[in-house]
Amino acid sequence: MASNCPKCGGRLRIYHVKAECPHCKANIPNYNWEARLEEDSAIAEAKFASLYRKLNLLKYSVFGTKLRIARLLMSFIPAIGFILPWAYVVSEKDTLNFDLLGIFTDGTSTIKFFGVLFGDIGGILSALEGPVLYIMLGFLLMLLSIVVIVVAFFMPLVRFTKPRTNAAWITDIFSIILAVGSVAMFIMAGAPASESSGFAIGTLEFAAGASVDATWGLFVYIALLVVAMVGNLLVSRADITSEEDLEIERLAKVRIKQEKEEAERIRKQEAWLEAEKKKEEEHAEKVRKAREALENNK
């Protein structure tokens, strides 16, 4: 039920369940219903128009131009780096490869390492020094870089009302910084690891003289991040079509579509009329022939 009477404006409480207003006794559902229906129709039409404008702007912001389509692809390609090897830790005892799925390397993959990490997280935290500290920081920075690049990928959707937003390429820069920091941590872990008498990460034990290095996959990932950043930067600097012009283009397309539908409707109607006319002519011809046959038989 409405919160106020449409006639007298009196407040309606939740316990006023009757159709009549308790103040002026007007029938609320039927009072001035034609004007209220027109008002509701106008409100609905305005809301739909606003929705269409937003959807049109969203479509344009994501893939409205060739450059934006290219940006979308360029923003997706860093995902290739997710399955590449990031770094490796090897010794005569255990081998740890930061390779998410273990496709390119042997030993303990990143997926398996999560089991090691959560299985003895307390022990790993207590041993955060020397090479273990650098290795874990490199691993953490890489994971954060992945999270940030995923955020950057969806940024054009979040900021679609501002087609020239700088948010996407700035977010890409943060991801690049984190990835470079990851490389630095793995490189810094190399010297103390090779000089140590051995160390452990959870249940993984590494002997003296262990080797820690960032692999080619991490550098490829950084290169792909730079490509994504350049794509978003170019889009943020490109000329844009105003929201008003986009709406004019949308309405023009709607009008063209309606004209085509109307032309198709007229064509079908004319074809139907032509078919009906042909049927009538055929029927008339049959009647004429039948009459001629009757006259000839007389």
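Observations on the model:
- So Glu38, is it charged (D, E, K, R) and within 30 Å of Glu247 (Cα to Cα): yes
- Test: residue in segment 219-241 that is over 26 Å from the mean Cα position of the chain (by Cα) and touching a residue at least 24 places away in the same chain (Cβ under 8 Å): yes
- If you go through segment 167-197 and keep only what is charged (D, E, K, R) and either in contact with a Phe, Trp or Tyr (Cβ under 7 Å, 6 or more places away or on another chain) or surrounded by 16 or more Cβ atoms within 10 Å (Cβ to Cβ) (or both), you end up with just Asp172.
- Residue in segment 122-144 that is more than 22 Å from Glu205 (Cα to Cα), at pLDDT 85 or above, of a type in the set (Val, Ile, Thr) and not in a loop (DSSP other than H, G, I, E, B) present: no
Okay, residues lined up against (1) farther than 30 Å from Ile170 by Cα; (2) basic (Lys, Arg):
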{"position": "Lys59", "(1), (2)": "no, yes"}
{"position": "Arg71", "(1), (2)": "no, yes"}
{"position": "Phe104", "(1), (2)": "yes, no"}
{"position": "Ser109", "(1), (2)": "yes, no"}
{"position": "Gly115", "(1), (2)": "yes, no"}
{"position": "Phe118", "(1), (2)": "yes, no"}
{"position": "Tyr134", "(1), (2)": "no, no"}
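Results for (1) hydrophobic (A, V, I, L, M, F, W, C); (2) assigned by TED's automatic domain parsing to the domain that holds Asp99; (3) outside any helix (DSSP H, G or I), shown as yes or no for each residue.
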position: Val183; (1), (2), (3): yes, yes, no
position: Gly190; (1), (2), (3): no, yes, no
position: Val227; (1), (2), (3): yes, yes, no
position: Gly231; (1), (2), (3): no, yes, no
position: Glu264; (1), (2), (3): no, no, no
position: Trp272; (1), (2), (3): yes, no, no
position: Glu285; (1), (2), (3): no, no, no
position: Arg288; (1), (2), (3): no, no, no
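- Top-ranked residue in segment 31-44 [being free of Cβ contacts under 8 Å to residues at least 12 places away in the same chain, surrounded by 10 or more Cβ atoms within 10 Å (Cβ to Cβ) and of a type outside the set (Gly, Ala, Ser); ranked as farthest from Ile248 (Cα to Cα)]: Trp33
- Test: Glu262 is farther than 30 Å from Ile146 by Cα, in contact (Cβ under 8 Å) with a residue 40 or more places away in the chain and surrounded by 10 or more Cβ atoms within 10 Å (Cβ to Cβ): no
- Checklist (1) touching a helix residue (DSSP H, G or I) at 6+ places or on another chain (Cβ under 8 Å); (2) modelled with pLDDT under 80; (3) of a type in the set (Gly, Ala, Ser); (4) not assigned by TED's automatic domain parsing to the domain that holds Gly190 applied to Gly102, failing item: (4)
Matching residues to (1) exposed (fewer than 13 other Cβ atoms within 10 Å of the Cβ); (2) assigned to a helix (DSSP H, G or I):
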{"residue": "Lys7", "(1), (2)": "no, no"}
{"residue": "Ile14", "(1), (2)": "yes, no"}
{"residue": "Leu51", "(1), (2)": "yes, yes"}
{"residue": "Ser61", "(1), (2)": "no, yes"}
{"residue": "Arg68", "(1), (2)": "no, yes"}
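- Criterion violated by Asp172 - all others in (1) touching a Leu at 6+ places or on another chain (Cβ under 7 Å); (2) among the charged types (D, E, K, R); (3) farther than 29 Å from Leu96 by Cα satisfied: (3)
- Evaluated against (1) part of a helix (DSSP H, G or I); (2) assigned by TED's automatic domain parsing to the domain that holds Met136; (3) of a type in the set (A, V, I, L, M, F, W, C); (4) surrounded by 15 or more Cβ atoms within 10 Å (Cβ to Cβ), Leu246 falls short on exactly one condition, (2).
- Selection from segment 206-225 of residues that are of a type in the set (Phe, Trp, Tyr) and assigned to a helix (DSSP H, G or I): Trp216, Phe219, Tyr221
- Pick from segment 198-229, criterion under 30 Å from Ala70 (Cα atoms) and hydroxyl-bearing (Ser, Thr, Tyr), ranking: surrounded by the fewest Cβ atoms within 10 Å (Cβ to Cβ): Thr215
- Options Val116, Val150: the member that is surrounded by 13 or more Cβ atoms within 10 Å (Cβ to Cβ), among the hydrophobic types (A, V, I, L, M, F, W, C), free of Cβ contacts under 8 Å to residues at least 40 places away in the same chain and over 19 Å from Phe219 (Cβ atoms): Val150
The values are calculated or read from the model by the stated rules, or taken from the named source; none is laboratory data. Being a predicted model, the structure only gives us computed values, none of them experimental. Because the Cβ atoms are built from the backbone with ideal geometry, glycine has one as well, and the counts that use them run over all protein chains shown.
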